[in-house]
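Please read the structure below before turning to the comments.
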Amino acid sequence: MGKGARTRAASARERIAAQQAAARRAERRRNTLLISGAVGLVLVIVVGLIVGKTVFTSSAKQLGDNGHLPASVATAITTMPAGTYAAIGTGGIPNPIGGYLKPINGTPLTSDGKPDMLYIGAEFCPYCAATRWSMAIALARFGTFGPFTGIHSSSTDVYPNTATLTFYKQRYTSKYLTFTPVENATVTKQLLQKPTAAQQAIWVKYDTGPEGVGYPFISFGNKIVLTGPLYDPQVLHGLSWTQIARELKIPTTAVATNVIGTANYITAAICKMTSNKPASVCAAAPIPAIEAKL
C-alpha cells in the first residue's frame, strides 16, 4: 500500500520516502508481525532489546501504582491549544486518503443512538501504540476520558517498548459519538478482548489483505475506515511518556507534527460521522479542508 508522493522540495521527498518505508513495514504488521531473517537483523534486535529494557524500566517508574499516566501527560493529551491544530495542519504527512484512510458506504454503525467509532488494536502492536496517541488527542475534542493507563508495546517486536496508552477498560463519554475500543491482544500477544461477530464482520470486510486482518483498524461509523498507521512509530521510539508529552507542546518537533497531524486526520473523520458536530471543532482549521477530501 504505497502512499502517493506529490512534493517539490527535497526535504519533502525525504519525508515521503520515510512514510513509504513505514507503509512497507506496516504491510508486515499482520497478526504477530514475525521478525526474522538475516543474522545482522537478529543482532540489531538483540541490541535493541537490551537498550529497550533500560528505557522500559526507567519509563515505567513514571506510572502511578494503578498504572495511570502522570497528570502532566494526560493534560498534554486532553488540553491541546486550538491554535496548535491549525499550525500543524496535516503535519506534512503524505495524503493517506484512499490508502490507509478511505471513505466507505457501509451500513451506518451506531451505538446508544449515536454514531459509533470502532477501534480494533492490540497492546503489543507498535503501530497501534503510535496511533493511540493521535486517537486520544482527537477524541478528547469530542468528549471526556477517564484516567489513562500507560503501557509499552511488545519488547520483541519492531520499535520495542514504545510508550503509549491502552484503551482496555478505558472510560470515555461524549454526547456526539460512542467510542468502542477492542484491544484484541495483550503486550505478550495473549487474547485480551475478542471482537463480537458483528465487529469481526466489519473488520474482515474492510481490512482483509493478503495476510488477513491487521492492526490498527478503525471504523468511523462505517463512513470512513482507517486500516494502518499514518506515521512511522520510529518518531516515538525510545521516548518516555513525559518526553512525548513535552514534545507535543512544541509544534516544530517530529513528535508534534506526526502525532497531531494524524490527530487532525482522525478528527476530520470523526466530524464526518457526527455530521460536523460540534461546530467549535469541525469548523476550525484545518478540519474542513481535510474533511472535504474524505
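The values are calculated or read from the model by the stated rules, or taken from the named source; none is laboratory data. As the structure is a computational prediction, the values presented were derived from the model and not from experiment. Heads up, the Cβs are rebuilt from the backbone with ideal geometry, glycines too, and the neighbour counts pull from every protein chain shown.
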* Asked: Could we say that residue 181 is in a loop (DSSP other than H, G, I, E, B) and out of contact with any Asp or Glu (no Cβ under 7 Å at 6 or more places or on another chain) here?
  -> no
* Can you find a residue in region 119-139 that is of a type in the set (S, T, N, Q), touching a residue at least 12 places away in the same chain (Cβ under 8 Å) and outside any strand (DSSP E or B)? -> yes
* **Residue identified as modelled with pLDDT of 95 or more, closer than 18 Å to residue 123 by Cα and of a type in the set (Gly, Ala, Ser) among 185, 140, 197, 201** => 185
* Restricting attention to region 170-202, which residues are farther than 20 Å from residue 154 by Cβ and touching a Gly at 6+ places or on another chain (Cβ under 9 Å)? -> 171, 172, 173, 174, 175, 176, 177, 178, 179, 202
* Structure fact -> The correct count of residues that are part of a helix (DSSP H, G or I) and surrounded by fewer than 20 Cβ atoms within 10 Å (Cβ to Cβ) in region 231-246 is 4
* To do: Confirm whether residue 212 is in contact with a Leu (Cβ under 9 Å, 6 or more places away or on another chain) and either under 19 Å from residue 78 (Cβ atoms) or not β-branched (Val, Ile, Thr) (or both).
  => no
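Condition check ((1) touching a residue at least 12 places away in the same chain (Cβ under 8 Å); (2) surrounded by fewer than 20 Cβ atoms within 10 Å (Cβ to Cβ); (3) under 18 Å from the mean Cα position of the chain (by Cα)) across all residues:
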position: 141; (1), (2), (3): yes, no, yes
position: 151; (1), (2), (3): yes, no, yes
position: 161; (1), (2), (3): yes, no, yes
position: 169; (1), (2), (3): yes, yes, yes
position: 205; (1), (2), (3): yes, yes, no
